[in-house]
Each structure stands twice: as structure tokens, then as C-alpha cells.
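Working notes for the structure below.
The values are calculated or read from the model by the stated rules, or taken from the named source; none is laboratory data. None of these values were measured; they are calculated from a predicted model. All Cβ positions, glycine included, derive from the backbone under ideal geometry; neighbour counts span all protein chains shown. Accessible surface areas use protein heavy atoms only, side chains included; no ligands, DNA or RNA. Shrake-Rupley method; radii C 1.70, N 1.55, O 1.52, S 1.80 Å.
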Amino acid sequence: HAWGHLLEGTKRWIFIRPETPPELLESVGLGGPRLPSANWFDRFHQAVVAWPGDYVAECVQRPGELVYVPAGWHHAVLNLSWTYAITENYA
């Protein structure tokens with residue numbers, strides 16, 4: 001689990017359900033070495049949002065908003081501007 005409260009700036013989030021088939025995850029670099037978020041979005045974002053089914057959710061976070069990441073969900077965050085946030089990861 002994790003949460004992030006954005007104080008300043010804008011962030012783009014993508015979430016991938018835990019039930020996503022492993023072959024889809026592997027096709028977009030998940031399960032291997034981690035890429036910086038900007039590189040991952042550049043290389044794989046279009047492929048992920050084109051997947052069939054409802055494996056993916058996206059949002060844009062603005063100042064004052066809190067985003068919750070459930071346990072087991074893959075996610076990536078792209079700062080769209082300079083940002084300042086408070087986050088917490090917990091079990």
C-alpha cells in the first residue's frame with residue numbers, strides 16, 4: 001500500500017491490476033530491471049493503454065489531491081512539472 005499527497009505541481013499516474021497476465025507485464029518491461037519513470041512512459045505507455053480488458057487505470061494528480069496505491073498494483077508516476085509531495089509506503 002502507498003499514498004501520495006501532492007502539495008505542488010502535477011503528476012500522471014498509471015496503475016496496472018495485479019491480475020494482469022504475466023506475458024502482458026513482461027511485454028512492457030515489468031518484471032525485469034526497472035527503468036526511470038520518464039523512460040518507461042516514453043517506451044511503454046502507448047502499448048499499455050492499448051491492452052484489451054480493464055487492466056489499466058490512469059489519472060492526473062493536482063495539488064491538494066491524494067492518490068492511494070493498493071497493495072500488489074504495479075504503478076508508475078510521471079512528474080508533468082516540478083512537484084512537491086508527501087508519500088508513505090506501508091504493509
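Points to keep in mind about this one:
- Selected residue (criterion: modelled with the lowest pLDDT) from residues of region 9-27 that are part of a loop (DSSP other than H, G, I, E, B) and more than 16 Å from the chain's Cα centre (by Cα): P21
- Failed condition for V48, given (1) part of a helix (DSSP H, G or I); (2) free of Cβ contacts under 8 Å to residues at least 12 places away in the same chain: (2)
- Put simply, of L30, L35, L6 the only residue that is open to solvent by less than 50 Å² (accessible area, probe 1.4 Å), modelled with pLDDT under 95 and on the phi < 0 side of the Ramachandran plot is L30.
- Residue within region 50-62 that is modelled with pLDDT of 95 or more and in contact with a Gly (Cβ under 8 Å, 6 or more places away or on another chain) present: yes
- A71, sole failed condition from (1) within 11 Å of the chain's Cα centre (by Cα); (2) of a type in the set (A, V, I, L, M, F, W, C); (3) in a loop (DSSP other than H, G, I, E, B): (1)
- Positions within region 68-84 being open to solvent by less than 70 Å² (accessible area, probe 1.4 Å) and among the polar types (S, T, N, Q), in sequence order: S81, T83
- Identity of the residue in region 43-67, closer than 12 Å to L6 by Cα and over 11 Å from the mean Cα position of the chain (by Cα), that ends up surrounded by the fewest Cβ atoms within 10 Å (Cβ to Cβ): G64
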